[in-house]
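S.K.: Quick one: structure below, then a few questions.
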Amino acid sequence: MGSGLTGEYDGGCWTELRCIIPLATPPSKPYPDSSTKGVSSMEKVTGIGGVFYRAKDPDALRAWYATHLGVEGMPWTQESGYTVFQPFDHATDYFPADKQWMINFRVNNLDAMTVQLESAGIDVKTDPSWDTPEIGRFARIHDPEGNPIELWEPAAPPPA
């Protein structure tokens, strides 16, 4: 299962990757659609407000995420950073075909997180072919209900 990384850096983002990672906030562009008469820019969402999914045992799964990944609380306050919102082709092999989604969590230290998870008996998969100096490093785990989770240690931004 390769990462499918291709594309070129255009000075502002990497395009045609398995995900699109902006390296700077682009300026607001005019939105010429006729339904926005007189409006100079399009209103946009400001971030992910929640991730909702079904679970066989929501309480146990909530506890697993809190114990092993530190995702806890309502609401959970996360650190700022890149968030990729990217649909994949229905035939992708990037995550299991029987799953409609895979969540990706940013981490500060992938090596330390890997040791922490493995010491708790959680199987962690890594593959050097998933990693790139421009994007960062990746690992994969599954929660107790089999949902795929990708862990991402982002690369440092390029020098200005």
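S.K.: Once you place label points 7 Å from the Cα toward the Cβ at Val45 and Met102, how far apart are they in nm?
M.R.: Output for this residue pair reads 2.0 nm.
S.K.: Right, another one. May I ask you to derive the FRET efficiency for Ala120 and Phe85 from their Cβ-Cβ distance with R0 = 45 Å, giving the value to the nearest 0.05? Mind dumping the intermediate values first?
M.R.: Details: r = 30 Å, r/R0 = 0.66.
E between Ala120 and Phe85, to the nearest 0.05, is 0.95.
S.K.: Step through the residues of the stretch 134-149 one at a time and calculate ³J(HN,Hα) from phi using the Karplus curve (6.51 cos²θ - 1.76 cosθ + 1.60, θ = phi - 60°), rounding each to whole Hz and writing x for Gly and Pro.
M.R.: 7, 9, x, 10, 9, 9, 10, 9, 10, 6, x, 9, x, 6, x, 10
S.K.: Cut-off is 10 Å between beta-carbons; in what order do His68, His90 appear when sorted fewest neighbours first?
M.R.: His90, His68
S.K.: Let me ask another. Could you state the number of Å between the C-alpha centres of the stretch 90-160 and the stretch 43-57?
M.R.: Result: 19 Å between the Cα centres.
S.K.: Also: Going by C-beta contacts inside 10 Å, put Met102, Met42, Met113 in order with the fewest on the left.
M.R.: Arranged by neighbour count, lowest to highest, Met102, Met42, Met113 become Met42, Met102, Met113.
Read-outs throughout are calculated quantities, based only on the coordinates presented, and are distinct from any laboratory measurement. Bear in mind that the values here come from a model prediction, so they are computed numbers and not experimental data. Positions of Cβ are backbone-derived with ideal geometry, glycine not excepted, and every protein chain shown enters the neighbour counts.
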